[in-house]
Structure formats: C-alpha cells, structure tokens
Amino acid sequence: MLAMRHSRLALLSIAITLGGCLPIAQERQEYDPLSNPLYAKRYYDELLENLVSLSIYKNPILQKKGKEKKVELSRRDAIMKAKEAEQKQRSGTKGAFIPMEEYAHGIALLDGHTIYLSSDFEVTPGISLHLFLTTAVDPRDTPFPDPDAIDFGPLQSAYGAQAFTANLPASTILYRTAVLWDTALERLVSFAQLSE
C-alpha cells in the first residue's frame, strides 16, 4: 500500500513537472471589425440607409412608443461614425488589389502601423498567403520579397475585413504597395498600389 502511494506521488510529481514545461496558450485578442475604417464606413452607411428607409416608408414600427426617437438617435450616431471612418481612411493611403496568378478583390488601407483589408476582400485560398508591405511600386519589377519588404504575417481569412499591425520605420511614406505573396509556393498572388 505504501509502495503504491509513493508511485502515485512520483507520477503526480512527474505530471506537475511536465505540465510546467508545456507552452502556455497566449490570450487571443478579439478583433473588432468596427475598428477597421473600411469596414466601419460600409457598416454605418448601410445602417444609415436602413434607418432612413424606415422613415421614408413610414414603417409602422415607428408608431410604437419611443421607437422613432431611438431611430433618430441611431441615425445621428451613424452619420457621425461614418464621417469618422471616412476621415480615418483619408489619413492613410489605400489601393485596390490587382489579380495576378489568382483571383483577388478588395481594398487595402495603410494607416500608421496597420494595414486594413475591406469587408469585400476576397482572394483564392493558397497554401500560405502572407500580406507584405514594400517600397517597390510594382513587385513584378524586382525579385520579391525585396530587402525592404515587411511581412505582416499570414492572412487571417481568404474573405472579409481584417487588420494587420507590424513595426514599421518612422516614415512609412516610401511603403507604397501591399502584396499578397504565397510563401510556400514563392509566388505573387496580387498587389495593391497605395496612394492618398
């Protein structure tokens, strides 16, 4: 009985020791799509259109107590938020993706250290699609990835709004092109030339 207790304690000790060697899962930050100015502008424009149509078509819901006031407050908020998203877009540089080897569609916006992809972004899925930022105006004109290219990491999804942040040089003005590059196949999938 005593030997069995010692062997259980030994096993428990080993399990605790091994448990301490296992990597600890990092907390995953939740991505708020409304922090993406490309997504936010579309969202608030469509919300505004929906709220205005309730009034134009005299929707019966507005006859219920307090609903008309709630719609009006939400309409004003949507106008303000759409303007804020538009101003944020203007503070950065953006461009549309050009399909190359595969289909790609959508807008990239560089604002500070973050690249945003639009809600209508789509690309044919690849083995290992990464988003790069480069000083090369056209990545077809130079061996890619070039020495100045910055890898923002793998795409989060082949579809929809996304945001990527990386450490960039103090002056990002020379970084003009967002590139979708398949790192496994070493091929250019698409790029977007960024401008004001």
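What follows is calculated from the coordinates using simple rules that are stated; it is not laboratory data. All values derive from a computational prediction rather than experimental measurement. Every residue, glycine among them, receives a Cβ derived from its backbone with ideal geometry; neighbour counts consider all protein chains shown.
Is segment 82-89 home to any residue that is in contact with a strand residue (DSSP E or B) (Cβ under 9 Å, 6 or more places away or on another chain), charged (D, E, K, R) and under 21 Å from ASP138 (Cβ atoms)? Talk me through it step by step, then tell me what you get.
Filtering segment 82-89 for residues in contact with a strand residue (DSSP E or B) (Cβ under 9 Å, 6 or more places away or on another chain) gives 88-89.
Add one more test, that the residue is charged (D, E, K, R), and what stays is 88.
Narrowing further to those that are under 21 Å from ASP138 (Cβ atoms): none.
Within segment 82-89, not a single residue is in contact with a strand residue (DSSP E or B) (Cβ under 9 Å, 6 or more places away or on another chain), charged (D, E, K, R) and under 21 Å from ASP138 (Cβ atoms).
Kindly indicate whether ASP146 is assigned to a loop (DSSP other than H, G, I, E, B), of a type in the set (Asp, Glu) and more than 17 Å from the chain's Cα centre (by Cα). Before the answer, list the steps.
Details: assigned to a loop (DSSP other than H, G, I, E, B): yes; of a type in the set (Asp, Glu): yes; more than 17 Å from the chain's Cα centre (by Cα): yes.
For ASP146, the condition - assigned to a loop (DSSP other than H, G, I, E, B), of a type in the set (Asp, Glu) and more than 17 Å from the chain's Cα centre (by Cα) - is met.
Take residues that are touching a Lys or Arg at 6+ places or on another chain (Cβ under 8 Å) and tell me which of the strands (runs of 3 or more DSSP E) falling wholly in segment 74-140 contain 3 or more.
Once the strands (runs of 3 or more DSSP E) in segment 74-140 are filtered for at least 3 residues that are touching a Lys or Arg at 6+ places or on another chain (Cβ under 8 Å), what remains is 107-111.
Is segment 167-182 home to any residue that is surrounded by fewer than 19 Cβ atoms within 10 Å (Cβ to Cβ), part of a loop (DSSP other than H, G, I, E, B), under 18 Å from the mean Cα position of the chain (by Cα) and free of Cβ contacts under 8 Å to residues at least 40 places away in the same chain? I'd like the intermediate steps shown before the answer.
First pass over segment 167-182, keeping only residues surrounded by fewer than 19 Cβ atoms within 10 Å (Cβ to Cβ): 167-174, 182.
Imposing the further condition that a residue be part of a loop (DSSP other than H, G, I, E, B) reduces the set to 167-174.
Imposing the further condition that a residue be under 18 Å from the mean Cα position of the chain (by Cα) reduces the set to 167-168.
After this cut, where a residue has to be free of Cβ contacts under 8 Å to residues at least 40 places away in the same chain as well, the list is none.
The answer is no, given that none of the residues of segment 167-182 is surrounded by fewer than 19 Cβ atoms within 10 Å (Cβ to Cβ), part of a loop (DSSP other than H, G, I, E, B), under 18 Å from the mean Cα position of the chain (by Cα) and free of Cβ contacts under 8 Å to residues at least 40 places away in the same chain.
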